[in-house]
Amino acid sequence: MKPDDFQLLSGLLKERSGLVLTADKAYLLESRLLPLARKQGLAGLDELVFAIRTKREEKLITVVAEAMTTNESLFFRDSSPFDQLRKAILPGLLKARVGTKRLRIWSAACSTGQEPYSIAMCLKEEAAQLAGWRVDLVGTDLSAEVLDKAKAGLYSQFEVQRGLPIQMLAKYFGKANDMWQLKPEIRGMVQFRQHNLLQDFSALGGFDLIFCRNVLIYFDQPTKAAILERMARLLPVDGFLVLGGAETVLGITTKFATVPNMRGIYAVVPDIKQ
């Protein structure tokens, strides 16, 4: 890939999604955009870049930006956060919210839905405790295409084999030809909405728990700080933020502090809560 073409595409990715792509990852652009170029009726990347540079068509720029975002996901990815959800986070929130009997949970950058559906299955396992409660579980992503897949709740044999316990597969999925589909009772627990993490969060409302895992690693430091600070405004002082195993708030923002004995779980710092 030509250096100026890489600069155009990586700059577009940064502008639209906040993700930072270094030159050593140019192969990712080629692998993801070549099929897209052909789908658009273009001969190759050169023609795709030329079309972006000269026409600046919003629809084409949008599909290119969405194609370049990372959509890797699997069920119960890194089981620790889900164990902590069941054993510590959910019991604590249920006790604290007994007066209102309402919980709101956000799965940010949810890709094809495995994370919010994993949360939904955890909640379903605690159905007795949640009887009479209103639980809003929201999954958001930049890409409309992956959200369409998430809404369908339809996954291949390979996808359900990645992290999903066999008992969960038997209990919450049904066979659909050569695919597996989540049962309506689980699909109906998640509201999917298109949302860009670079944009204002206020329309999403407040949350008691936010999962934002394995996405901040792709942002530069100022973008990470801005996202974390906006998330802090959506959480009450007894709410929680869950990050990926390779992510941290340390050295990025003072809006959150680590929670003792809970790896990857962070709480809002009360004295600077907006």
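What follows draws every value from the coordinates through simple rules; no lab data is involved. Quick caveat: nothing in here was measured; it's all calculated off a predicted structure. Virtual Cβ from ideal backbone geometry, glycine too; neighbours counted across all protein chains shown.
Some points to look at:
- With contacts taken as Cα pairs under 8 Å and at least 6 residues apart, region 179-274 reaches a relative contact order of 26 percent.
- Mean-square fluctuations from a GNM of the chain, with a 10 angstrom spring cutoff on Cα atoms, peak among Glu58, Glu125, Glu185 at Glu58.
- Cα pair count fraction exceeding 22 Å, expressed as % - region 137-252: 45 percent
- Placing unit charges on the Cβ atoms only, positive for Lys and Arg and negative for Asp and Glu, gives the chain a dipole magnitude near 780 debye about its Cα centre.
- Structural descriptor for the chain: relative contact order 17 percent, calculated from alpha carbon pairs under 8 angstrom and at least 6 residues apart.
- Taking all Cα pairs closer than 8 Å and separated by 6 or more residues, the relative contact order of region 1-52 comes to 29 percent.
- Tally of Lys pairs whose C-alpha atoms are under 23 Å apart, taken over region 170-274, 8 or more apart or cross-chain: 5
- 222 nm mean residue ellipticity, helices alone, for the chain (DSSP H n ≥ 4; -39,500 (n - 2.57); rounded to 500): -12000 deg cm²/dmol
- Net charge over other residues, Cβ less than 13 angstrom from the Cβ of Ile52 (K, R count +1; D, E count -1): -2
- Entry for Rg and Dmax of the Cα atoms in Å (calculated from the structure that is shown) out of (1) 18.2, 54; (2) 19.8, 61; (3) 18.3, 58: (2)
- Taking trypsin sites (Lys or Arg not before Pro) across region 182-274, the ones in a DSSP loop with at most 14 further Cβ atoms lying within 10 angstrom of their Cβ are Lys273.
- Each of the peptides 33-41, 204-212, 80-88 was scored by the mean count of other Cβ atoms within 10 Å over its residues; in descending order, highest first, they stand as 204-212, 80-88, 33-41.
- Peptide ranges 172-182, 103-113 listed from the most packed, as the mean C-beta count within 10 angstrom indicates: 103-113, 172-182
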